[in-house]
Amino acid sequence: MIAAVLKEITPDENRVAATPQTVKDLIKSGLTIRVESGAGDASYISDGDYKNVGAEIFPDPSSILKDADIILKVAPATKEEIDKFPDNAAYISLCQTTRELELVKLLNNKKITGFSMHLIPRTTLAQSMDALSSQANIAGYKSVLIGASHLPVYMPLLMTAAGTIPPAKVLILGAGVAGLQAIATAKRLGAQVEAFDVRPEVKEQVESLGAKFVEVESDNDDGVGEGGYAKETSEDYKNRQQQKIKEHIAKSNLVITTALIPGRPAPLLIPRDMVEGMKPGSAIVDLASENGGNCELTKPGEIILHNGVKIDGTLNLPATMQIHASQLYAKNVSTFLTYMVKDGNLDLNLDDEIISGSMFTHNGQVTHEPTSKALGD
């Protein structure tokens, strides 16, 4: 079977879906690997690097996709790309299927078997395929560095001949993979760190990294979703949460928000009045900006100033660390793909929770129930 690695055409998408190491792994599993010329350039991987490990280099999408059985990408495919996809092929990328409904329809019309790395189940067996976690880890790290560069103050405590400089106060909203990495990075930089999450079970993880856990008391499992994700909370909980966050945000120099519910608009954690209660010179880095943002004033893809507070809605932070982001994402993809390949052919066992869980279209049917509902089917 032929697997085609496409060059990303989405602006600022610097990652690539395969590296020379994962090409070797995929060839070992019995696949023929084609790479579009220049696919790895933005990640500093040359055509020669791919050729040296056995990949075939093709000059353009039309030639590489001819007779391709499997198509590998990072960003969701565009209409122009899908038009060139052969019917009945398999397709793998990062894609929020409940938000990319046009893409789902186009793939379904061509009877493409679509897999989203967003839908990989969060199970022990699928851990090495979990692209959301590998990329969120990078985003959490980079968000602190960006946030620190926005601040007009030091991050660490400094004792100098001219006086003592107190440490910056950093508040992390959301203690998932991105949030925990942000906590660890902010602590390494010497900041005083607090973290909030709707899931009380992450308290121990937060405290083990040296941060203080901001807790909203609850008698039930508000905010605890399946597979380690957060879920929507009750109105009463939201009101108490808002009050608690408001108290802590007013004292913070840097706020990093990471609260995302897969496939849904990002929950609003920081309304306008909270921003206006922050100290001038403080900053917010909103990692949920791709789904609208956790801050009411976030403008996705922009950095704005409001009442002296800088609000950073930069999109796709993992693509700004493309060498390691590509290395991790490509490994997630190759592990997932080799899991499905038996004797050089795709073995789509629909009783397997990893395969069926990550699949969203197959044989002209939308197989992912939330996506099907979003389409009104």
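Numbers for the structure displayed
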item: Three principal axis lengths of segment 1-150 [C-alpha, angstrom, descending]; result: 48, 37, 33
item: 14 Å beta-carbon shell around SER29, net charge (K/R +1, D/E -1); result: 0
item: Alpha-carbon spread of the chain, three principal axes, descending order, Å; result: 67, 48, 34
item: Evaluated at q = 0.13, 0.16, 0.23 Å⁻¹: base-10 log I(q)/I(0), Debye formula over Cα of segment 44-91; result: -0.35, -0.52, -0.96
item: For segment 228-377, average projected area of the Cα convex hull in nm²; result: 12.3
item: Cβ-based exposure ranking for TYR329, TYR44, TYR141, TYR237, in which fewest neighbours within 10 Å come first; result: TYR44, TYR237, TYR141, TYR329
item: Rg [Å, one decimal], Dmax [Å, integer] - segment 136-320, C-alpha atoms; result: 15.4, 53
item: Sorted by Cβ neighbour density within 10 Å, fewest at the top, the residues LYS24, LYS73; result: LYS24, LYS73
item: Unit charges on C-beta of K, R, D, E only; dipole of segment 103-226, Debye; result: 840
item: Relative packing of peptides 50-61, 171-182, 284-295 - highest average C-beta neighbours within 10 Å first; result: 171-182, 284-295, 50-61
item: Radius ratio Rg over Rh of segment 1-73, counting only Cα atoms, Kirkwood formula for Rh; result: 0.93
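Since every read-out is calculated from the coordinates, none of them should be taken as a lab result. The shown structure was predicted, so the numbers you read here are calculated from the model rather than taken from an experiment. Ideal geometry is used to build each Cβ from the backbone, glycine not excepted, and the neighbour counts take in all protein chains shown.
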